[in-house]
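The values are calculated or read from the model by the stated rules, or taken from the named source; none is laboratory data. Given the structure is predicted, the values throughout are model-derived calculations rather than measurements. Methodologically, a virtual Cβ is constructed for each residue, glycine included, from the backbone with ideal geometry; neighbour enumeration extends over all protein chains shown.
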Amino acid sequence: MDRLNQIKQEFSEKQNDFSEMLDTVEKQIVRTVLTKGYPHNVFPFEWELLGKGKLNSIEIESIPPKTMSDNFFRTHYDNKGQVILSEQWSFGKFRYITIYSYEKNIIKCFKWTIPLPADNDCKLESISLLEFENDKPTKKYEFHSVITLNTFCDYIYQDGILVEIIVTSNTSKDKHTFEYEKDKSLSRIIRTFSSEKSIQQIYPRVKWLKTDD
């Protein structure tokens with residue numbers, strides 16, 4: 001069974017397992033940090049690839065009352081310093097919940113959403129599986145509740161540095177190209193759509209470089 005079929009089956013099996021999974025992971029928590037801003041990436045450049053800009057977070061004691069911002073996160077770590085549970089604030093509650101599991105050369109990510117207004121109905125949105133080889137991420141598979149969002153990613157390296165991610169979905173094959181400064185810090189991420197007629201910079205800020213007119 002290939003990886004995508006594997007997580008597709010797991011997605012079906014885990015639909016009603018939120019409480020059990022949460023209970024298991026909560027027993028492993030040794031440290032919790034509350035931040036304004038996303039604290040750090042578990043998958044390579046996941047925040048930057050969303051067009052959110054540079055990672056920038058500060059630790060806080062509490063979330064301001066009546067805030068409408070969704071830029072607050074509660075991150076939980078195990079005794080190895082690994083992120084095992086991440087929660088994102090939205091509409092007065094931590095509604096976006098991500099559970100991570102770690103195996104040899106694999107990280108799995110289970111994303112759940114507590115929809116409005118049914119606070120007790122937690123929905124599994126997606127499962128992602130990241131494969132490693134020689135301590136570097138090489139492939140990512142994602143199965144989503146919306147079938148058109150299913151993706152497979154290939155990570156391409158040059159001299160040990162990530163230079164491209166090829167993202168293949170049911171309908172497209174896009175390329176993310178990474179550019180670096182001389183000190184090897186990230187300079188830009190460019191997304192080239194499968195038609196190659198549209199090109200978009202998504203880091204450090206989102207802007208169109210070429211559009212399909």
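Computed values, structure above
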item: Enumeration of residues in the range 1-20 that are under 18 Å from Val167 (Cα atoms), among the acidic types (Asp, Glu) and within 21 Å of the chain's Cα centre (by Cα); result: none
item: Candidates Glu87, Glu133, Glu125, filtered to the one that is within 15 Å of Gln15 (Cα to Cα) and among the acidic types (Asp, Glu); result: Glu125
item: Any hit, the range 168-182, residues being exposed (fewer than 12 other Cβ atoms within 10 Å of the Cβ), modelled with pLDDT of 95 or more and within 21 Å of Asn56 (Cβ to Cβ); result: yes
item: Out of Lys108, Lys8, Lys54, Lys80, sole residue that is closer than 25 Å to Lys140 by Cβ and in a strand (DSSP E or B); result: Lys108
item: Matching residues in the range 119-140 - criterion: being surrounded by fewer than 14 Cβ atoms within 10 Å (Cβ to Cβ) and over 30 Å from Lys93 (Cα atoms); result: Glu133, Asn134, Asp135, Lys136
